[in-house]
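To start, the structure itself, in C-alpha cells.
The values are calculated or read from the model by the stated rules, or taken from the named source; none is laboratory data. Source: prediction; values computed, not measured. In this analysis, Cβ positions are derived from the backbone assuming ideal geometry, glycine residues included, and neighbour counts consider all displayed protein chains. Protein only, heavy atoms only, side chains kept; ligands, DNA and RNA dropped before computing areas. Shrake-Rupley method; radii C 1.70, N 1.55, O 1.52, S 1.80 Å.
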Amino acid sequence: QVQLEELGGGLVQAGGSLRLSCSASGRTFSNHAMGWFRQAPGKVREFLAAISQSGGTTIYADFVKGRFIISRDNAKNTVTLQMNSLKPEDTAVYYCAAKQYLISRSQYDYDYWGQGTQVTVSS
C-alpha cells in the first residue's frame with residue numbers, strides 16, 4: 001500500500017514557475033514508477049510525465065516537453081514536478097500516482113493516487 005500527498009499548488013502568473021512535490025508513505029516507494037497527471041474542469045485526466053523506479057528513465061507528454069521536469073528522491077520518498085513557462089491552459093488539478101515496476105503513460109496502469117492539488121495560472 002502506498003499513500004500519496006501532493007504539495008505545492010497555487011496561483012501563479014503566466015510565464016511563472018511552480019514546483020509540485022508528492023510525498024509517499026510506505027517502505028516500497030523505490031519499487032514504484034511514479035507519474036504526474038492533471039485534470040481541468042470538463043476535461044479528461046491527462047498524462048504529463050512519469051519516472052522509473054530508479055529515476056533513470058523519464059517520459060513526457062509532448063505538450064510539456066521542455067517546460068516540465070520530473071524527478072524523484074528515493075531516500076526521501078518524494079517525486080517532484082518542476083513546471084516552468086506556465087500558461088493559463090495549464091490550470092488544472094494535478095495528481096501524482098504510483099504503480100509497481102514499469103513506467104507507463106496510461107492512467108489505468110496506476111494503482112495509487114493522491115488527492116490532487118490545484119494549480120491556477122492567471123493571464
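In segment 19-34, the condition of being closer than 16 Å to Q115 by Cβ, touching a Leu at 6+ places or on another chain (Cβ under 6 Å), polar (S, T, N, Q) and open to solvent by 30 Å² or more (accessible area, probe 1.4 Å) is met by at least one residue.
Check K87 against each of (1) surrounded by 15 or more Cβ atoms within 10 Å (Cβ to Cβ); (2) over 21 Å from S71 (Cβ atoms); (3) basic (K, R) and name the one condition it does not meet. K87 satisfies every listed condition except (1).
Taking every residue in segment 47-70 that is among the aromatic types (F, W, Y) and pairing it with any residue that is open to solvent by 60 Å² or more (accessible area, probe 1.4 Å), at least 6 positions away or on another chain, the pairs with Cβ-Cβ distances below 8 Å are F47/R105.
The residues of segment 94-116 that are open to solvent by less than 40 Å² (accessible area, probe 1.4 Å), part of a strand (DSSP E or B) and over 11 Å from L4 (Cβ atoms), listed by number, are Y94, K99.
Taken residue by residue, segment 69-77 has at least one member that is outside any strand (DSSP E or B) and polar (S, T, N, Q).
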